[in-house]
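Enquirer: I'd like to ask some things about the structure below.
The values are calculated or read from the model by the stated rules, or taken from the named source; none is laboratory data. Being a predicted model, the structure only gives us computed values, none of them experimental. We place every Cβ from the backbone using ideal geometry, glycine too, and count neighbours over all the protein chains shown.
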Amino acid sequence: AAAAEEEAESEVEVDVDGGAYGRQASAGSAGWDDFCGGAGTGEQYSAVEIPLVRACLALVKCSRGTIKVALEASEYVGSAVEKEDAAAAEKAEEEEEEKDRAKDQDDQKAKRETRRRRLNYIGTLVELARQVGDGMTELGSLLYPPLSDAVAAADGEEQEEDSELERRIELQRMAIVALHDCVLGGNGGDGEEDEKKAAGDDNDDTNEAAVKVSKEIASHSSKIRSAAEKRATEARTAAREIARSSRRGKQ
């Protein structure tokens, strides 16, 4: 079981930046490792800063993957809207016999409500994706070395409150999680149950059509959400270690 979990995490590592689903996304990912561990960065970041840089860049990759998921989910739900509109137009053209008007009106009202909810869902994803993108830029702007200034408390003060970088890491984590919760139906988890709720059977009327996505999209969303939570925790831990190291150096 432990081996399977490590293998799954390895797959997430190469897949969170919005590339092709699965292990084929690992192609071209060497640049990420080269940046963190190559000779070029050795002159820019101290040894104690490298874990923070790794975790933050991993969070940036999660952000990119999150935006890709938002686009995938929007396209998927948008296609459903287009199909329903086309089907409704075709039905109206072919309809010749008089039908129960009350029943027809109820049916049309339900379809309009479903369409409205789907379009609102897409609009929400677009706004959440914008927040993730803006946060990714803000986070990147704080990663210029040396990082001690971004994580240290004011002179003579203890590190009781989060530093600027820690606050940005937490804000980015929250933005990523919010988008994936939307994709997964707002259930806030990363298990199979959430994926089933988000990608439910198209013939199951108990599921809300406005938040249905494919099983593939739901699975990818769940993995990135989990990876982002882990990387944010690693980044905050590394930031605190830099702050402690900086204070020890001043003593």
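Enquirer: Within segment 43-77, which residues are among the acidic types (Asp, Glu) and buried (at least 22 other Cβ atoms within 10 Å of the Cβ)?
Expert: Glu49
Enquirer: Right, something else. Being at pLDDT 70 or above, touching a helix residue (DSSP H, G or I) at 6+ places or on another chain (Cβ under 7 Å) and among the aliphatic types (A, V, I, L, M) narrows it down to one of Ala58, Ala47, so name that one.
Expert: Of the residues listed, the single one that is at pLDDT 70 or above, touching a helix residue (DSSP H, G or I) at 6+ places or on another chain (Cβ under 7 Å) and among the aliphatic types (A, V, I, L, M) is Ala58.
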